[in-house]
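Participant: Structure incoming, see below.
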2 protein chains.
Amino acid sequence: MYFFINGPYTDYYGYQKSINTKLEGLFMTQINIDDIKHIAIGASLLGAGGGGNPYVGTLMAISAVREKGPVQLIEPTDVPEDALVISASMVGAPAVSLEKFPNGNEYDKAFPLLEETYGQKAYATYPIEAGGINSMIPIMVAARRGLPLVDVDGMGRAFPELQMTTFAIAGHPVTPIVITDERGNNALVNTIDANWAEKIIRTITVKMGATSSVAGDAVHGKDLVANGVTGIISLSKQIGELIDSASDFETVDAALTQLLQITKGYKLFTGKITDINHTTKDGFNFGEVTIEGFGTFEQSFGSVSFQNENIIFKVNDQVLATAPDLITLVDVDTLIPVTNEELRYGKRVNVLGLPANSKWRTEVGIATVGPRYFGYDIDYVPLEQLVEKYSKMGE
Amino acid sequence: MYFFINGPYTDYYGYQKSINTKLEGLFMTQINIDDIKHIAIGASLLGAGGGGNPYVGTLMAISAVREKGPVQLIEPTDVPEDALVISASMVGAPAVSLEKFPNGNEYDKAFPLLEETYGQKAYATYPIEAGGINSMIPIMVAARRGLPLVDVDGMGRAFPELQMTTFAIAGHPVTPIVITDERGNNALVNTIDANWAEKIIRTITVKMGATSSVAGDAVHGKDLVANGVTGIISLSKQIGELIDSASDFETVDAALTQLLQITKGYKLFTGKITDINHTTKDGFNFGEVTIEGFGTFEQSFGSVSFQNENIIFKVNDQVLATAPDLITLVDVDTLIPVTNEELRYGKRVNVLGLPANSKWRTEVGIATVGPRYFGYDIDYVPLEQLVEKYSKMGE
């Protein structure tokens, strides 16, 4: 939808605006190729070590947008109450997705199957999580299928399992969900609850070769604001633009300060990666990374444990952050997020801690994605409290 | 469909028949509760050690027939060319099905889902294999859904994997297939070939607790005779009736001789079970049973290796029978088939060898279900030749 405006005009607040400003405003709702790159970088920061590699993700989204034209970004409130939005994503081990990624046909098969099940066409698509790949897949699908993209997700970050969404903890079913692979195998899965959806989709994913493409988590417009994490794509873009312009700042620290302002986050640690333990098992990447501190963190050791996404961050065995709060590594010089499949010995990183969306800081949220769920004998304590406690230890 | 006949009549060959004979003939096409018991016993002989426990199977079929009335048995040639017949069965480890069996609702969900996919109602149902459970499930489904049962299957025996059907080797797809569990989870699976169907259905089955209920292997009427094993339910019933009346024979050996005439089989061995090795893994029962010979087999040891079904039978390390030929154990006193979950130390058994249907004795058949497929470094040699060679060894 394009508006042609021939002169200065008055906006909602009565301000005189130029045509250029208005056009800029209009284009803001479209996702072009630069936006894709920024969203991918920002989303991979919110991916908390997981969520997949942003370069692979951007390749898929860019090629779809090049072929089909830019994607319209809409607000959750723009979706009619009874309209259906369907999420498109990849499931599996992010490290495998570096070599085995969807060609897009998977979703062209999956969407109609799901639409048929609901007896309703998709009004739009949306990302189930923020991550280098799963923020990009819905852009690809939106471009290929001529659907708008809703500025919402079901996590406000990335998490490894299907039941770990703000929609699921609010009682939305994950199923019906269609799982497909690049060969042409597919299954329309219906389960009694989200945990069963995770079990069955995961086991099929393992057989399909540790990654799969899914369409599911269908939500009606009226539930998007109440049960989703709104504004996640805009936030990803804002973060990505900032990181992309980090070299324009006087110092990289100045850029980092602004990044932490945007995300309400903390710099928890700075150091050099000295050990990486990484395995792909049961359709997940599991691992631990050790970071030797430098600068003000000299003589200290940090460690991050992950299941696709980072779950626990400790300094000298002191817990400094746990899921659902975000633990994310960025390159010290460029602030580019370092996802777990890119961990390399000698890489110099800042460890950032970002508070989770408030929907996760609830009893059901912590039961679903807190440290105990992931097998750690640790109670969840909000990041801000852990940081405050830790900062007082030195006093 | 009932015919009322008021006097003696002339049959196809010109013989005068009484009303009673005619009515008997008509009732023959119906499966009543006695028939169910006989079919289950006969099918469990054809189950070759697998196929599930006949008592569990009969319970399900009998309760459905008691509630809904007897099931009509029809010939494959009675099915119109374009009519769709859908098979109903259980997948998984037979030993687990002793404790965890379907309640019937699974198929009431699965059939409509599959019918919708085909855009065609099922004209009838049929068993995919002959076995204590999988010959019974379609009777239960036929009774519950008011469908006739076709006197055909896709194996002429039982086999452990989904691609092991005469339909699949003739190029029929196994999918679409609907897999369900007793909780209410289900998946409509479409795969590029029968091997992928096996992989995906098996892995879901393992997650569902080592057994699942499936509806699939849909075949049109015109292909039933060309690519199925016809008359399998009648043959099961005939075998079952014979075993049930074994005590009416002068000696059990006389009954056994007639059994071997019906099945064109051989008695390969007689002995006492002295060792059983049995594990449930990856949704299958695997194992080996050792039998110490007695009578004419004194001083000899027999061994049966199985993956759900018996695959190899050796006497003193001499191969006497391999899949696809049937290796089946029967109680020496009653001729009741002994399925692998009922193997007990001290049980006295005859080992019978029955030739496989000719559709299996082909290049593709042997590649699909011959000893090499199951991991044995043995070429398939037809049972008759092995028996002849062995019988000459003593001369």
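Participant: State the number of residues belonging to the range B:164-183 that are in contact (Cβ under 8 Å) with a residue 60 or more places away in the chain and of a type outside the set (A, V, I, L, M).
Facilitator: Residues meeting the conditions: 6.
Participant: Moving to a separate point now. Can you pull out every residue in the range A:266-277 that is more than 15 Å from A:Val338 (Cβ to Cβ) and either of a type in the set (Gly, Ala, Ser) or surrounded by 15 or more Cβ atoms within 10 Å (Cβ to Cβ) (or both)?
Facilitator: A:Tyr266, the sole residue that qualifies.
Participant: Do you know which residues across the range A:26-45 are open to solvent by 10 Å² or more (accessible area, probe 1.4 Å) and either modelled with pLDDT under 90 or not basic (Lys, Arg) (or both)?
Facilitator: Residues satisfying the conditions are A:Leu26, A:Phe27, A:Met28, A:Thr29, A:Gln30, A:Asn32, A:Ile33, A:Asp34, A:Asp35, A:His38, A:Ile41.
Participant: Same structure again: So if I check each of B:Thr296, B:Thr322, B:Thr328, B:Thr334, which one is over 22 Å from the mean Cα position of the chain (by Cα) and either more than 30 Å from B:Ala226 (Cβ to Cβ) or in contact (Cβ under 8 Å) with a residue 24 or more places away in the chain (or both)? Outline the logic, then answer.
Facilitator: Numbers: B:Thr322 fails: over 22 Å from the mean Cα position of the chain (by Cα); B:Thr328 fails: over 22 Å from the mean Cα position of the chain (by Cα); B:Thr334 fails: over 22 Å from the mean Cα position of the chain (by Cα).
Just one listed residue meets the conditions, B:Thr296.
Participant: Looking only at the range B:248-259, which residues are farther than 20 Å from B:Lys237 by Cβ and outside any helix (DSSP H, G or I)?
Facilitator: The answer is B:Glu250, B:Thr251.
Participant: If you don't mind, another one. Taking B:Leu242 as the residue in question, decide whether it is surrounded by 17 or more Cβ atoms within 10 Å (Cβ to Cβ) and at pLDDT 95 or above.
Facilitator: yes
Participant: So which residues in the range B:144-154 are open to solvent by 10 Å² or more (accessible area, probe 1.4 Å) and in contact with a strand residue (DSSP E or B) (Cβ under 7 Å, 6 or more places away or on another chain), if there are any at all?
Facilitator: Those that are open to solvent by 10 Å² or more (accessible area, probe 1.4 Å) and in contact with a strand residue (DSSP E or B) (Cβ under 7 Å, 6 or more places away or on another chain): B:Leu147, B:Pro148.
Participant: Is the range A:278-286 home to any residue that is touching a Gly at 6+ places or on another chain (Cβ under 6 Å) and more than 14 Å from chain B (Cβ to nearest Cβ)?
Facilitator: yes
Participant: Let me ask you something else. In the range A:343-354, which residues are surrounded by fewer than 20 Cβ atoms within 10 Å (Cβ to Cβ) and within 17 Å of the chain's Cα centre (by Cα)?
Facilitator: none
Participant: Right, here's the next one. Given the conditions (1) of a type in the set (Ser, Thr, Tyr); (2) surrounded by 16 or more Cβ atoms within 10 Å (Cβ to Cβ); (3) under 30 Å from B:Ile169 (Cβ atoms), report the number of the one that B:Ser300 does not fulfil.
Facilitator: Just one mismatch for B:Ser300, condition (3).
Participant: Check whether at least one residue in the range B:112-128 is within 14 Å of chain A (Cβ to nearest Cβ), touching a residue at least 40 places away in the same chain (Cβ under 8 Å) and among the β-branched types (Val, Ile, Thr), and report yes or no.
Facilitator: Yes, the range B:112-128 contains at least one residue that is within 14 Å of chain A (Cβ to nearest Cβ), touching a residue at least 40 places away in the same chain (Cβ under 8 Å) and among the β-branched types (Val, Ile, Thr).
Participant: Out of (1) under 23 Å from B:Met155 (Cβ atoms); (2) at pLDDT 95 or above, what's the single condition that is false for B:Thr280?
Facilitator: Unmet condition: (2).
Participant: Condition first: in a helix (DSSP H, G or I) and open to solvent by 30 Å² or more (accessible area, probe 1.4 Å). Now tell me which residues in the range A:46-89 satisfy that.
Facilitator: Within the range A:46-89, A:Tyr55, A:Leu59, A:Ser63, A:Arg66, A:Glu67, A:Lys68, A:Thr77, A:Asp78 meet the criteria.
Participant: Another question, then. Within the range A:309-326, which residues are farther than 15 Å from A:Val381 by Cβ and open to solvent by 10 Å² or more (accessible area, probe 1.4 Å)?
Facilitator: If the condition is that a residue be farther than 15 Å from A:Val381 by Cβ and open to solvent by 10 Å² or more (accessible area, probe 1.4 Å), then A:Asn316, A:Asp317 are the ones that fit.
Participant: To continue, here is another question. Would it be correct to say that B:Asp379 is modelled with pLDDT of 95 or more and either within 23 Å of B:Leu256 (Cβ to Cβ) or open to solvent by 50 Å² or more (accessible area, probe 1.4 Å) (or both)?
Facilitator: When the stated conditions are applied, B:Asp379 passes them.
Participant: Examine the range A:278-296 for a residue that is in contact with a helix residue (DSSP H, G or I) (Cβ under 8 Å, 6 or more places away or on another chain), farther than 28 Å from A:Val206 by Cβ and either outside the structural domain of A:Asn134 (by TED's automatic domain parsing) or open to solvent by 10 Å² or more (accessible area, probe 1.4 Å) (or both), and state whether such a residue exists.
Facilitator: No, the range A:278-296 has no match at all.
The values are calculated or read from the model by the stated rules, or taken from the named source; none is laboratory data. Everything numeric here is computed off the predicted structure, so don't read it as measured data. Positions of Cβ are generated from backbone atoms using ideal geometry, with glycine treated the same way; all protein chains shown enter the neighbour counts. Surface accessibility is based on the protein's heavy atoms, side chains included, excluding ligands, DNA and RNA. Shrake-Rupley method; radii C 1.70, N 1.55, O 1.52, S 1.80 Å.
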